[in-house]
Amino acid sequence: MAGGRGERLYPLTKENAKPAVTFGGIYKIIDFTLSNCLNSGIRRIYLLTQYSNATLDKHMHLAWNIFNRELDEFIDNIPPQKVNVDWWYRGTADSIYQNINILEHERPQHVLILSGDHIYKMDYRKMLDFHQAKQADLTVACVQINKEKAHQMGVFEVDDAFRIIGFQEKPARPKTVPWDRSKSLVSMGVYVFKTERLVREIIDDAKRESEHDFGRNIIPRMIKKRSVFVYNFKDEKKGGVEYWRDVGSLDSYHEANMELLKENPVFDLYDATWPIRTYQEQAPPAKVVFSGDEEGLSRGVTINSLISNGCLIIGGKINRSILSPFVQIHSHCRIENSILLRGATVGHHARIRKAIIGEGVTIPPHYTIGYNLEEDRKKFTVSESGIVVVPQGFIVD
Amino acid sequence: MEQAQKKILIVDDEESIRILYKQELEEEGYAVILAANAYEALEIVDKESLDIMVLDIKMPGMDGIEAMQKIVGKKNNIPIIINSAYPHFKDSFMTWVAEEYVVKSSNLQELKDKIKQLLNKTPE
């Protein structure tokens, strides 16, 4: 599923579909889910896309054109075709309903349905094994979170055998799991269906007044009369710690990026046993220059940061920040807690903190961003928690 | 108060079938509208308020499966009975969009029973 409009990530989604938004300097958000597929041996993938598809399509060609059709491996992009209906995809369930012919053609026994906009590492084979062992009609992957945080989400009630017996949407009093009264189960947007059951449910849903959404419509209805189980997500690499992030809002996107910068991050990009694939263009190595005076900012210093290839740091201090390829930082700058996307340039003596600087944006010398939010709000988008976003194409003067 | 007459659309490319079904179903007290192909059926769906539809699959031009998907796209609340001489389409996911699947037979009893069942079915 890669068809969300990404409104809460605006203006990052102005020119990019949400799954094609850059994350962690060099990746696109969708790379994490697709890397999970690749690492789980799943190589027959349909990508249901909708909004601002061009950049996503380009990325798919550059980064993911690796499967071999002759071995029946593929990733096929399926935008709405409007063959039999007069509308785009009206919801997650409708996007599959409109492509029933593909399921008919493929005739798999089970279908794995994934969201293309979450950051996590998961071996889907283990979930599929669980689903088959339980002979479930539907298995929903869930992550355990503290119940205090669950009131904003969809919460599942389960019995001791992991069977789902109830669903609460944004509950005032979230149900907890039988094995830990402090934790609630929330959906990760990862589902395994028996194919025939999936087809029956999406047809039934298409004939109803409905938002045509798996989370809001299909699953709550199925719980009452079908065999629906929870798969309790365990992070592939971290044992007891489950790392799963929805990066659907500017704040959660910024926070998840910043989490990569910890000395021992829970989500480790450097783990060679669970590689994250992407496309990287030809670029020279990152370069940091100017030894300058030790106290002043003419000295190029980067700490706790990800610096991509092609970056040029000509003096200035960079702390807790992520620089995508070809970012240039000029002398006496101070960059903190910020994400600078591809080709952004920061002029000398500029100061930036808690900001996202869009692709190709040039920040003039002596400019400040993130130090006076009232002023920043007059020109830029400022998120709830005070992240300033300068969108791609914006002329800063 | 007398119940309003239920309106059935029959879509079949064979004229003899259309005539037979019209006669038999009118005797059961239904109002019957006929379409000789899928294109006519789609026009009727736009104009008429239908209670149920009986749809052939193999027809020249647009077949019944394609028509059914377009019909559900226009109006998703008309029950559809597929009525085909071929039983094997029953396994196709595409035909599951229909509420019932009745294989053609010289005896129309099964079709009549299914029509009655679907018309009496109360929505969930």
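The values are calculated or read from the model by the stated rules, or taken from the named source; none is laboratory data. Not measured: the values here are computed from a predicted model. A quick note on method: Cβ atoms are made from the backbone with ideal geometry, for glycine too, and the neighbour counts reach across all protein chains shown.
Suppose we filter B:LYS114, B:LYS121, B:LYS75 for residues that are in contact (Cβ under 8 Å) with a residue 40 or more places away in the chain, of a type in the set (Lys, Arg) and within 26 Å of B:GLU28 (Cα to Cα); which single one remains? Residue meeting the stated conditions: B:LYS121. Is it the case that A:ALA161 is farther than 30 Å from B:ILE65 by Cα, touching a Ser or Thr at 6+ places or on another chain (Cβ under 9 Å) and among the small types (Gly, Ala, Ser)? So A:ALA161 does not fit the description; no. Of all residues in segment A:4-50, those satisfying the criterion of being part of a strand (DSSP E or B) and closer than 23 Å to A:GLY393 by Cα are A:THR22, A:PHE23, A:TYR27, A:LYS28.
Against the list (1) within 14 Å of another protein chain (Cβ to nearest Cβ); (2) under 14 Å from A:VAL190 (Cα atoms); (3) of a type outside the set (Lys, Arg), the condition A:LEU112 fails is (1).
If you filter segment A:374-397 down to residues that are surrounded by 15 or more Cβ atoms within 10 Å (Cβ to Cβ) and of a type in the set (A, V, I, L, M), you find that the one that is farthest from A:LYS317 (Cα to Cα) is A:VAL382.
Out of B:LYS75, B:LYS47, report the one residue that is more than 14 Å from chain A (Cβ to nearest Cβ), surrounded by fewer than 19 Cβ atoms within 10 Å (Cβ to Cβ) and over 12 Å from the mean Cα position of the chain (by Cα).
Numbers: B:LYS75 fails: more than 14 Å from chain A (Cβ to nearest Cβ).
Of B:LYS75, B:LYS47, the one residue that is more than 14 Å from chain A (Cβ to nearest Cβ), surrounded by fewer than 19 Cβ atoms within 10 Å (Cβ to Cβ) and over 12 Å from the mean Cα position of the chain (by Cα) is B:LYS47.
Quick grid of which residues meet (1) at pLDDT 95 or above; (2) farther than 29 Å from A:ALA2 by Cβ; (3) assigned to a strand (DSSP E or B):
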site	(1), (2), (3)
A:LEU128	yes, no, no
A:GLN132	yes, no, no
A:ILE145	no, no, yes
A:GLU157	no, yes, yes
A:GLY189	no, no, yes
A:VAL192	yes, no, yes
A:VAL199	yes, no, no
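For segment A:1-22, check the following and say yes or no: at least one residue is of a type outside the set (Gly, Ala, Ser), at pLDDT 90 or above and more than 30 Å from A:VAL390 (Cβ to Cβ). The answer is no, given that none of the residues of segment A:1-22 is of a type outside the set (Gly, Ala, Ser), at pLDDT 90 or above and more than 30 Å from A:VAL390 (Cβ to Cβ). Whether any residue in segment A:240-255 is more than 14 Å from every other protein chain (Cβ to nearest Cβ), assigned to a strand (DSSP E or B), at negative phi and among the basic types (Lys, Arg) is what I want to check. Within segment A:240-255 (the criterion being more than 14 Å from every other protein chain (Cβ to nearest Cβ), assigned to a strand (DSSP E or B), at negative phi and among the basic types (Lys, Arg)), the answer is yes, since at least one residue qualifies. Got at least one residue in segment A:328-337 being surrounded by 18 or more Cβ atoms within 10 Å (Cβ to Cβ), touching a residue at least 40 places away in the same chain (Cβ under 8 Å) and either of a type outside the set (Lys, Arg) or in a loop (DSSP other than H, G, I, E, B) (or both)? Yes, some residue in segment A:328-337 is surrounded by 18 or more Cβ atoms within 10 Å (Cβ to Cβ), touching a residue at least 40 places away in the same chain (Cβ under 8 Å) and either of a type outside the set (Lys, Arg) or in a loop (DSSP other than H, G, I, E, B) (or both).
Scanning segment B:83-94 for residues that are within 13 Å of chain A (Cβ to nearest Cβ) and crowded, with 20+ Cβ neighbours inside 10 Å yields a count of 2.
In segment A:159-175, what residues are assigned to a strand (DSSP E or B) and free of Cβ contacts under 8 Å to residues at least 24 places away in the same chain?
Narrowing segment A:159-175 to residues assigned to a strand (DSSP E or B): A:163-169.
Passing the criteria: only A:GLN168.
Across segment A:201-237, the number of residues qualifying as in a loop (DSSP other than H, G, I, E, B) and farther than 22 Å from B:GLY73 by Cα comes to 7. Considering (1) at pLDDT 95 or above; (2) surrounded by 14 or more Cβ atoms within 10 Å (Cβ to Cβ), the lone condition that A:ALA150 does not fulfil carries the number (1). Listed by first and then second residue, the pairs linking a residue in segment B:5-16 that is under 17 Å from B:ASP51 (Cα atoms) to a residue that is assigned to a helix (DSSP H, G or I) and among the charged types (D, E, K, R), with Cβ atoms under 7 Å apart and 6 or more places separating them unless they lie on different chains, are B:ILE10/B:ARG18; B:ILE10/B:LYS22.
Pairs are defined by a Cβ separation below 7 Å, a sequence spacing of at least 6 or placement on different chains, a first member in segment A:254-282 that is at pLDDT below 90, and a second member that is in a loop (DSSP other than H, G, I, E, B) and exposed (fewer than 13 other Cβ atoms within 10 Å of the Cβ); the pairs so defined are A:VAL266/A:VAL241.
Among the residues of segment A:40-93, those identified as in contact with a helix residue (DSSP H, G or I) (Cβ under 7 Å, 6 or more places away or on another chain), buried (at least 16 other Cβ atoms within 10 Å of the Cβ), within 14 Å of chain B (Cβ to nearest Cβ) and not small (Gly, Ala, Ser) are A:ASN84, A:VAL85, A:TYR89.
So which of A:ASP205, A:ASP213 ends up being on the phi < 0 side of the Ramachandran plot, among the acidic types (Asp, Glu) and away from chain B (no Cβ under 14 Å)? Quick ask: steps written out before the conclusion?
Numbers: A:ASP205 fails: away from chain B (no Cβ under 14 Å).
So the residue among A:ASP205, A:ASP213 that is on the phi < 0 side of the Ramachandran plot, among the acidic types (Asp, Glu) and away from chain B (no Cβ under 14 Å) is A:ASP213.
Could you list, in sequence order, all residues of segment B:57-72 that are small (Gly, Ala, Ser) and within 12 Å of chain A (Cβ to nearest Cβ)? Working first, answer last.
So the first thing to find is which residues in segment B:57-72 are small (Gly, Ala, Ser), and the list is B:61, B:64, B:67.
Correct list: B:ALA67 only.
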